[in-house]
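Working notes for the structure below.
The values are calculated or read from the model by the stated rules, or taken from the named source; none is laboratory data. Just so you know, these numbers come straight off a predicted model, no measurement behind them. The protein model used for the area step is the full one, side chains on, heavy atoms only, and it has no ligands, DNA or RNA in it. Shrake-Rupley method; radii C 1.70, N 1.55, O 1.52, S 1.80 Å.
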Amino acid sequence: MDPEIANNGMGLAHLLTQNSGVGLLPFVLLVLMSLGTCYFALLKLWFAWRERRLGKQFVEQFWQHENVQQMEQRLAKEIPQDAYSRLTNVALIAIGQLERAGARPRSLGLGSPDEYLLRALRQGLAQEKIRLEQGLAFLASVGSAAPFIGLFGTVWGIYHALLAIGAAGQSSLDKVAGPVGEALIMTGFGLAVALPAVLIYNFFVRRNRLKMAELDAFAHDLFALLLTGFEPAASNVTRLAQRSAKTGGQ
């Protein structure tokens, strides 16, 4: 650092001590945004690791069940902890509703089994997408707003620096450059807060897109399995009990 600048006390600490009220508001907002970015990044990374570990275990065990009834009994004993088990639970609940609707009058029916199950799976996928996107709106807001907040702090700092210089009657370049350059720190701080938020946002958007593609593929497999390997109690809902029994016997 330049000795003259150091002697004059120029820097972020000097800038904060010389500002109050509106001048400190951009700095406080940027600090809160930076802390919020770190919080959401660490939280979503932990949830992503946990979901991936539990989801991998569930999918491996899912295809080891001899029939759908075993899978239903397992989910009835434990709370779904990952996207795959939640999606499976939604599908099984829909199948149960089709069973109960099969014994009702036709006017109270839920429609064809495949259409109703497809709607349930779509709703389950939509809920998982909402869950994955939690916190992304905050990261996007930080990435877009932080540079402007830092710029506002710079403009406000330059404004008060010029007022102080004018009141002191000092108009030489060395007297102007110090306070103005000091005010520009806020712009750099705003960019430093925005850049990690944008990178983290893009990382999770891409990861969520891949995750939803995997869930969509699993939903297709689950849809086919339930329609070919599960028989509701009412025969007018679907006619697949014999197929399920034959599959289990093999």
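Key figures for this structure:
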{"quantity": "Karplus-derived HN-Hα couplings along segment 117-131 (A = 6.51, B = -1.76, C = 1.60, θ = phi - 60°), whole Hz, x at Gly and Pro", "calculated": "5, 5, 5, 5, 5, 5, 5, x, 5, 5, 5, 5, 5, 4, 5"}
{"quantity": "Accessible area in the full protein assembly, largest first, 1.4 Å probe, for 65, 160", "calculated": "160, 65"}
{"quantity": "Of every Cα-Cα pair in segment 25-144, the percent that sits beyond 24 Å", "calculated": "47"}
